[in-house]
Amino acid sequence: MSHATFSPLWQRIQQRSMSTLSVMGMTKNTGKTVCLNHLLTQADRCSVAVGITSIGRDGEERDQVFSIPKPPVRVWPGCLVATARDTLLRASIRWKQIGGTGIDSPMGEILIIKALDHGDMEIAGASRSHDQHKVIALLKQCGAALVILDGALGRSHHASPAIADGVVLSTGAAIGGGIQDVIRKTRDRLAILGIAEVDAALGAQVQPLFQQGGVAVWNAQGEALFDARMATLNAAATLLDLPVSDMATIAVSGAVGRSLWQALTTLLGSHPGLTLVVADGTKLFVDATDVAIFTKRGGRLLALRGIRIAGITLNPFSPFGGSFEAGEFLAAARHAFPEHVVTDVMLETQSTLEGTLS
């Protein structure tokens, strides 16, 4: 099969030797499942052994939030799937169980199966981060050269795409507003997802905190001043009350919401050059303008593990009205994000078919 047969998005994933990929939607109905199916088709054409699982649930017939019909996840023969036992009762394909994971979910144990046909499946995987790591490892042990994670809704705090080598971000008209509004919101999300990774020395300093969970504070010499296993939602008042005069670095393992962010901004005022380390950009439940102000005031915002954007996919259709002209949306997004592979996989497939027929 010629190199040109493969999509630019697939070629980028292959060029960067990614073995774990997360597909993450900006919101519901931005084309995440369509992107997922495109990647599964490309993997089959390229004879790449692929494993797939979902953070939570996907592939169900109707969207669980808005009751809108959803495209099913379409697997190929040989595809490895990690999914909850109950979802297999509704699969339209024949399958063979390869093994169990010992991980329970509301729909039964997460099992690893091999698809024997090309067809539709609902996929419901593990929701906790350490369980996702286990599932990925098992899929690779069973022969998957590429594991694709179907990401969670929005910036989910319980499941991070940073466990993957790369992230495909799906965006589209369903976000609301005009084309330029969607591009601006997508740019803001990319700015938060793309915060820089810590260097080796700082990474070694903060790593124990992220392994145990909680909040910790160090001075400029790297000496621990405070270390507690506590919910980050309750950390704001504790940090503000610390009797510390030389606070240099704060690490927070969990989600950073509005109240904690305000406390951190206050602390930056009394501790110039303050460094904040979060697990990754998905843990920040703040706006891109908040991040920009923090850094402009001299603060440093870093991630324990940076997120690599593998590409951006577009869905010009919105089930709520206000759809875009596909070609116009694609041109505008490519102009806005020249450093990324930007594609509309439906438009791309249509163009390929027309080229084949002409």
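In region 287-337, what residues are among the basic types (K, R), modelled with pLDDT under 95 and out of contact with any helix residue (DSSP H, G or I) (no Cβ under 6 Å at 6 or more places or on another chain)?
Answer for region 287-337, where residues must be among the basic types (K, R), modelled with pLDDT under 95 and out of contact with any helix residue (DSSP H, G or I) (no Cβ under 6 Å at 6 or more places or on another chain): just R308.
Which pairs do you get when a residue that is free of Cβ contacts under 8 Å to residues at least 24 places away in the same chain, found in region 282-300, comes within reach of a residue that is surrounded by fewer than 16 Cβ atoms within 10 Å (Cβ to Cβ), reach meaning Cβ atoms under 7 angstrom, with the pair 6+ apart or on two chains?
none
In this structure, is A333 assigned to a helix (DSSP H, G or I) and surrounded by fewer than 19 Cβ atoms within 10 Å (Cβ to Cβ)? Reasoning before the result, please.
Details: assigned to a helix (DSSP H, G or I): yes; surrounded by fewer than 19 Cβ atoms within 10 Å (Cβ to Cβ): no.
So A333 fails the test.
Given the conditions (1) open to solvent by 70 Å² or more (accessible area, probe 1.4 Å); (2) over 26 Å from Q11 (Cβ atoms); (3) assigned to a helix (DSSP H, G or I), report the number of the one that D227 does not fulfil.
(3)
If G273 satisfies all but one of (1) buried (at least 19 other Cβ atoms within 10 Å of the Cβ); (2) modelled with pLDDT of 95 or more, what's the number of the condition it fails?
(1)
Could you tell me whether D117 is within 14 Å of R74 (Cα to Cα) and acidic (D, E)? Give the derivation first.
Working: within 14 Å of R74 (Cα to Cα): yes; acidic (D, E): yes.
Criteria met by D117.
For region 294-309, name all the residues that are outside any loop (DSSP other than H, G, I, E, B) and either among the hydroxyl-bearing types (S, T, Y) or surrounded by 14 or more Cβ atoms within 10 Å (Cβ to Cβ) (or both). Give the steps one after another, and end with the answer.
At the first step, the residues of region 294-309 found to be outside any loop (DSSP other than H, G, I, E, B) are 294-296, 300-303, 309.
Selection gives F294, T295, R300, L301, L302, A303, I309.
Looking at region 174-200, I want the residues that are among the basic types (K, R) and have a partner that is open to solvent by 30 Å² or more (accessible area, probe 1.4 Å) with Cβ atoms under 6 Å, at least 6 apart or on another chain. Which pairs are those?
Once the first residue is among the basic types (K, R) and sits in region 174-200, its partners that are open to solvent by 30 Å² or more (accessible area, probe 1.4 Å) give K185/I175.
Looking for something buried (at least 16 other Cβ atoms within 10 Å of the Cβ), out of contact with any Leu (no Cβ under 8 Å at 6 or more places or on another chain) and free of Cβ contacts under 8 Å to residues at least 60 places away in the same chain - is there at least one such residue anywhere in region 245-254? Steps first, please.
Residues of region 245-254 that are buried (at least 16 other Cβ atoms within 10 Å of the Cβ), as a first pass: 247-254.
Adding the requirement that they be out of contact with any Leu (no Cβ under 8 Å at 6 or more places or on another chain) leaves none.
The answer is no, given that none of the residues of region 245-254 is buried (at least 16 other Cβ atoms within 10 Å of the Cβ), out of contact with any Leu (no Cβ under 8 Å at 6 or more places or on another chain) and free of Cβ contacts under 8 Å to residues at least 60 places away in the same chain.
The values are calculated or read from the model by the stated rules, or taken from the named source; none is laboratory data. Since the model is a prediction, treat every value here as computed from it, not as a measurement. Here the Cβ is made from the backbone with ideal geometry for all residues, glycine too, and neighbour counts use every protein chain on show. Ligands, DNA and RNA are excluded from the accessible area calculation, which covers all protein heavy atoms including side chains. Shrake-Rupley method; radii C 1.70, N 1.55, O 1.52, S 1.80 Å.
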